[in-house]
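This report concerns only the one structure given below.
Nothing in this text is a laboratory measurement; each read-out follows from the coordinates by a stated rule. A quick note: this is a predicted structure, and the numbers were derived from the prediction, not measured. All Cβ positions, glycine included, derive from the backbone under ideal geometry; neighbour counts span all protein chains shown.
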């Protein structure tokens, strides 16, 4: 049934549970013919690249579990959440390929939605934890060192999962499937939640907790970090000449940009519509436009798990080495014994006179670090590990 050219029509029906009239719109899925082609293709790419890339990241992190530190632990949880997220995509691919039709029942719809959302926002929260962890390691290494203690970080990770679980559990109390007038059964679509009381207020609160606060934390942490790296490089010729600070700042900006580009459109889209819903009554045309925009912005948000492996590749030599081995593209590289690292690229940095175990990429030569210690300058603070959805790198690999 061709619906792309249909004009917006509003049906009025009476709910069997009460006598009030409710409305539904018949153009919410008028883009079905296009979506059933492009959305499955898009999510297939996200699934394949995301699963392969994040599995490789897990393979790089795993050998460093014996040298567990705060960054390794946060990175591990982040990569696991990305992998679980990609594993939830196949049923969504089938759903979109069938033209927004869910034949698997209410229970599986709730489970898929639960896995989808809990891992999306677990990823956001662990990205935030990593930004704060890097901020503390470089800017406040002594005052808040206890927050980077592995035993404390384990509790923080458990707390993050419990927080996201608490935010997502209400989904099980909602009806997530809906029989549409055209006979299709939709799953996890916004119109299915319109019947929930105070849905606008709940979603606005969720956006501030799940997006606005993490975004502000990440931007503030990385901005201060970039500033410190910049002035550190200016005060030390070796650091400035090596270009590692510039690379670290560049990757920090890339990490922040990817986060903003992937997550902002979706949350801003929901926020503006919920505000309009509170102050007015959007009609069928408005709801249809919002529904189409949600499908687009959700795709963009999910692209995040697919982009992470590219950040790993450009930021971490250990990741590149593993990938080249898997692709049989071995590149002969000669290193002096002073700069040779383990296969996983593990290394040690000294920041503000305190040893901080880092576990990914080459930080610099021994002589360079010793020179910086004599000069009283923190050694290449651009060796800070950063992550946007699971990076395991120090961002100083040259």
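Taking the mean number of other Cβ atoms within 10 Å as a proxy for protection, how do you rank 37-48, 67-78 from highest to lowest? Mind showing how you got there, number by number?
Values: 37-48: 16.8, 67-78: 23.5.
Sorting 37-48, 67-78 by mean packing, highest first, produces 67-78, 37-48.
Determine, from the Cβ-Cβ distance of residue 41 and residue 179 and an R0 of 35 Å, the FRET efficiency 1/(1 + (r/R0)^6), rounded to the nearest 0.05. It would help to have the intermediate numbers written out before the result.
On the way: r = 27 Å, r/R0 = 0.78.
The pair residue 41/residue 179 has a calculated efficiency of 0.80.
Once the convex hull of the C-alpha atoms of segment 118-231 is built, how many Å³ does it hold per residue, rounded to a whole number?
Values: hull volume 14.0 nm³, N = 114.
Cα-based convex hull of segment 118-231, divided per residue, equals 123 Å³.
Under a crude label model (7 Å from the Cα following the beta-carbon direction), how far is residue 272 from residue 162 in nanometres?
In this crude spin-label approximation the distance works out to 3.9 nm.
Pulled fully out, how much extra length does the chain show between residue 169 and residue 257, if you take 0.36 nm times their separation in residues and subtract their Cα-Cα distance?
On the way: separation 88, 0.36 × 88 = 31.68 nm, distance 3.04 nm.
My answer for the length gained is 28.6 nm.
What FRET efficiency comes out for the pair residue 147/residue 310, r = Cβ-Cβ distance, R0 = 35 Å, nearest 0.05? Working shown, then result.
Details: r = 30 Å, r/R0 = 0.86.
Using R0 = 35 Å, I get an efficiency of 0.70.
Show me 100-109, 142-151 ranked by packing, highest mean number of other Cβ atoms within 10 Å first. Provide the component values of the computation, followed by the final result.
Working: 100-109: 16.5, 142-151: 12.2.
In descending order of packing, they fall as 100-109, 142-151.
Computed from the mean reciprocal separation of all distinct C-alpha pairs, what Kirkwood hydrodynamic radius does segment 62-150 have, in Å?
Working: mean 1/r = 0.0655 Å⁻¹.
Kirkwood radius, segment 62-150: 15.3 Å.
Under 20 Å from a label point 7 Å along Cα→Cβ of residue 197: give me every residue in segment 265-283 with its amide N that close.
So the set is 277-279.
How would you rank 265-274, 281-290, highest first, on the average number of other Cβ atoms within 10 Å across their residues? Present the calculation step by step, with values, prior to reporting the outcome.
On the way: 265-274: 17.8, 281-290: 15.6.
With the highest mean Cβ count within 10 Å placed first, the list reads 265-274, 281-290.
How far, in nm, would the chain grow between residue 84 and residue 67 when pulled straight, counting 0.36 nm per residue and subtracting the alpha carbon separation?
On the way: separation 17, 0.36 × 17 = 6.12 nm, distance 2.45 nm.
Answer, rounded to one decimal: 3.7 nm.
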